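Novice: Quick one: the structure is below, and I'll ask about it shortly.
What follows draws every value from the coordinates through simple rules; no lab data is involved. Source: prediction; values computed, not measured. Every residue, glycine among them, receives a Cβ derived from its backbone with ideal geometry; neighbour counts consider all protein chains shown.
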Amino acid sequence: MSFALKESEGTWAMVTGASSGFGAAYAKRLAALGYSLVLHGRDTDRLQALADDLQAEHKCRVETLQADLASDEGIARAVQAADRPGLRILVNNAGYGDPGLFQEREVEAFIAMQKVHNEAAVRLAHVAVRRMLEQGSGAVVNVASVAAWLPGRGSVMYYATKAFLNAFSRSLAADLHGTGVVVQSLCPGLTHTGFHDAGKPAYLDKSRTPRWLWMECDTVVDFSLRMLGRGRVVQIPGVVNRIFAWVGGHDWLYRRLVGNVRKK
Ligand SMILES: NC(=O)c1ccc[n+]([C@@H]2O[C@H](COP(=O)([O-])OP(=O)(O)OC[C@H]3O[C@@H](n4cnc5c(N)ncnc54)[C@H](OP(=O)(O)O)[C@@H]3O)[C@@H](O)[C@H]2O)c1
C-alpha cells in the first residue's frame, strides 16, 4: 500500500520527541511539505525555538506540547493532542537510553522506559489510527532501533522495548491492511543526534567508535519518509545496520561473531 506524503493540504502531523535529533528532523521535513504540526517534547525552550523557526520559514501552523511520557498524566495530554480531525501522520519518536545491569537497577526505571517507548506509542497510535481511518489515509511511524534485533547487555529494556515496537508495528500493519493507513517501524543504528550527547547516560564512548558505524540524522529521516508505505513495515537504514540486524537475528551467529560484547 503506497502513501502519498505530499497530500498535506489542511492535515496535521504529530511528532513526539521533536525538541531534538530525529524528531526535530521529521518536524522540519514535514513542515517543508506543508503539514500543520503538533510538536511534542519536554524541553520547552528548544521546542518553542523550533516551532518559531518553522512558522517563520514555512508559514505553517505549529502547536507545541510539553509532556513527560513516563507519566500517565503526560501520556494522557499527548493522546488528547493527537486526537484531532485531519491527523495524517504520527511519528512515535520520543525515547532515551538508560544503561545499567538489570539486577542492579530499580525496576521503576524499566517501567518508565516501557511507558515512554511502548505505552505512549500504543495509546497515541490508537487515537491516531481512528482519526486516519476517518479520512482513509495516514501513516504511523514508530522509531525503534537496530537494537531491536540484538541482545543488549546492560540495557535490557532499551532492546526489549524497541523489539516490541517492531512486533507491534508489523501486527498493526496487518490489522490496517487495505485501509489506506500505513505503518513503519524505523530501525536506525548509531546516528548523530542528541542521544549520545555528553552528560546523557552513555551506552558507548562515541569517540571510540569507528566513524563508518554512524549515520547522519537527516539521512535516516529522509530514508524513513521515502520508504513510507513501500516494501516492508520494518525499515533499517544503512547497509551496516542491515548486516547487524541480520546477524543479531541469528543468535548462534551473533554469539560466535560478537560474543557477550559489553563486559563490565
Ligand atoms: N541516535 C541514535 O543513535 C538512535 C539509534 C536508534 C534509535 N534511536 C531512537 O531515536 C529516537 C529519538 O532519539 P534521538 O536519537 O533523536 O535522541 P535525542 O536527540 O536525545 O532526542 C530524544 C527526544 O525524545 C524526547 N524524550 C526523551 N525522554 C522523554 C520522556 N520521558 N518524555 C517525553 N519525551 C522524551 C526528548 O525530549 P527532551 O529533549 O525535550 O527532553 C527528545 O526530544 C529514540 O526513540 C531513540 O531510542 C536513536
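Novice: How high is the relative contact order of the range 12-257? Use alpha-carbon pairs under 8 Å, at least six apart in sequence, and give a whole percent.
Specialist: Worked out over the range 12-257, it gives 18 percent.
Novice: Just to confirm my numbers, what's the Cα centroid distance between the range 31-83 and the range 210-224 in Å?
Specialist: Value for the Cα centre distance between the two parts: 24 Å.
Novice: Using just the helices of the chain, give the 222 nm mean residue ellipticity in deg cm²/dmol: DSSP H runs with n ≥ 4 each add -39,500 (n - 2.57), and the total is spread over all residues, rounded to 500.
Specialist: -13000 deg cm²/dmol
Novice: Here's another thing I want to ask about it. Of LYS28/LYS115; LYS6/LYS28; LYS28/LYS59; LYS6/LYS59, which ones are farther than 24 Å apart at the Cα?
Specialist: Violating the 24 Å limit, Cα to Cα: LYS28/LYS115.
Novice: While we're here: Got a sec to turn the phi values of the range 173-183 into Karplus ³J(HN,Hα) couplings, 6.51 cos²θ - 1.76 cosθ + 1.60 with θ = phi - 60°, whole Hz, x for Gly and Pro?
Specialist: Coupling constants for the range 173-183: 4, 5, 4, 9, 3, x, 8, x, 9, 10, 10 Hz.
Novice: If amide H atoms are built 1.01 Å from N in the plane of the peptide, which residues on other chains or at least 5 residues away come under 5 Å of the amide H of VAL182?
Specialist: Residues meeting the amide H criterion: GLY138, ALA139, VAL140.
Novice: Just rank CYS187, CYS217, fewest to most, by other beta-carbon atoms within 10 angstrom.
Specialist: So the residues, fewest neighbours to most, are CYS217, CYS187.
Novice: In addition: Collect residues whose amide H, placed 1.01 Å from N in the peptide plane, falls under 5 Å from the amide H of LEU87; neighbours closer than 5 in sequence don't count.
Specialist: TRP12
Novice: Separate question: Quick one: putting +1 on the C-beta of Lys and Arg, -1 on the C-beta of Asp and Glu, what dipole do you get for the range 1-130 around its Cα centre, in Debye to the nearest 20?
Specialist: For this selection, approximately 560 debye.
Novice: Nothing charged except the Cβ atoms of Lys and Arg (+1) and of Asp and Glu (-1): what's the magnitude of the dipole of the range 82-163 about its Cα centre? Round to the nearest 20 debye.
Specialist: 320
Novice: Among the GluC sites (Glu not before Pro) in the range 1-73, which ones are in a DSSP loop with at most 16 other Cβ atoms within 10 Å of the Cβ? Mind listing them?
Specialist: In loop regions of the range 1-73 (DSSP not H, G, I, E or B), the sparsely surrounded GluC sites (Glu not before Pro) are GLU7, GLU9.
Novice: Now a separate question. Note the full-extension length gain between GLU108 and ASP222 as 0.36 nm times their separation in residues minus their Cα-Cα distance, in nm to one decimal.
Specialist: 37.5 nm
Novice: On to the next question. Test of understanding: in a Gaussian network model of the chain with alpha carbons linked when under 10 Å, which of ALA49, ALA245, ALA144 would top the mean-square fluctuation ranking?
Specialist: Fluctuation is largest for ALA49.
Novice: Still on this model: Only four residue types carry charge here, +1 at the Cβ of Lys and Arg and -1 at the Cβ of Asp and Glu. Report the dipole size of the chain about the Cα centre in Debye, rounded to the nearest 20.
Specialist: 960
Novice: Now for a different question. GNM, the chain, Cα, under 10 Å: largest mean-square fluctuation among THR219, THR209, THR161?
Specialist: Among THR219, THR209, THR161, the largest GNM mean-square fluctuation belongs to THR209.
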